[in-house]
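Engineer: Just passing along the structure, written as structure tokens.
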Amino acid sequence: MITQIFAAVALCASVGCSVAAESETTVSAAGVTLKSVSVTFPESDRRFPGGADAKAINSNCLICHSSGMVLYQPRLSPTTWGEEVAKMRKTYGAPVPDESVAAIVDYLSGLDPQD
């Protein structure tokens, strides 16, 4: 847990985000105190290409991933992309609604990997 906190702070510092403790909540247990903070990350205007076909992926996946990172992934089958999207939702808690999953998988499985 502490490693995750330090990793989040290091990531935040490396991308130039700001941290504010406006309405701070503090929780203590077993000698550990956690304080909630508000984090503002820099925004990017880079989106997935494809207009309306990219709406679901732009609306859901850019929360955690840059389009550049995803566009350089190897070509994967719809089944494999479906498993990846399921992992993002179940393991990492990605807030992707059920009705967006098929559109995201279709978009990703139709990509031509960038060089």
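The values are calculated or read from the model by the stated rules, or taken from the named source; none is laboratory data. Every value quoted in this text rests on a predicted model; they were computed, and no experiment measured them. Positions of Cβ are generated from backbone atoms using ideal geometry, with glycine treated the same way; all protein chains shown enter the neighbour counts.
Engineer: Give the residues of region 48-58 that are in a helix (DSSP H, G or I) and in contact (Cβ under 8 Å) with a residue 24 or more places away in the chain, sorted by residue number. Step through it out loud before you land on a result.
Structural biologist: Of all residues in region 48-58, those in a helix (DSSP H, G or I) come to 51-58.
53, 54, 55, 56, 57, listed by residue number.
Engineer: I've got another one for you. From the list 39, 9, 27, exactly one residue is at pLDDT below 85 and outside any helix (DSSP H, G or I). Which is it? If you could, list the steps in order and put the result at the bottom.
Structural biologist: Working: 9 fails: outside any helix (DSSP H, G or I); 27 fails: at pLDDT below 85.
From the options 39, 9, 27, the qualifying one is 39.
Engineer: Within region 59-115, which residues are more than 14 Å from the chain's Cα centre (by Cα), in a loop (DSSP other than H, G, I, E, B), over 24 Å from residue 45 (Cα atoms) and not hydrophobic (A, V, I, L, M, F, W, C)?
Structural biologist: 75, 77
Engineer: Tell me, yes or no, whether region 60-83 has at least one residue that is modelled with pLDDT of 65 or more, surrounded by 10 or more Cβ atoms within 10 Å (Cβ to Cβ) and either over 30 Å from residue 99 (Cα atoms) or outside the structural domain of residue 96 (by TED's automatic domain parsing) (or both).
Structural biologist: no
Engineer: Might you check whether a residue that is of a type in the set (A, V, I, L, M, F, W, C) and in contact (Cβ under 8 Å) with a residue 40 or more places away in the chain occurs anywhere in region 85-92? Break it down stepwise before answering.
Structural biologist: Restricting attention to region 85-92, the residues satisfying the condition of being of a type in the set (A, V, I, L, M, F, W, C) are 85-86, 88.
Checking the rest, the ones that are also in contact (Cβ under 8 Å) with a residue 40 or more places away in the chain come to none.
No, region 85-92 contains no residue that is of a type in the set (A, V, I, L, M, F, W, C) and in contact (Cβ under 8 Å) with a residue 40 or more places away in the chain.
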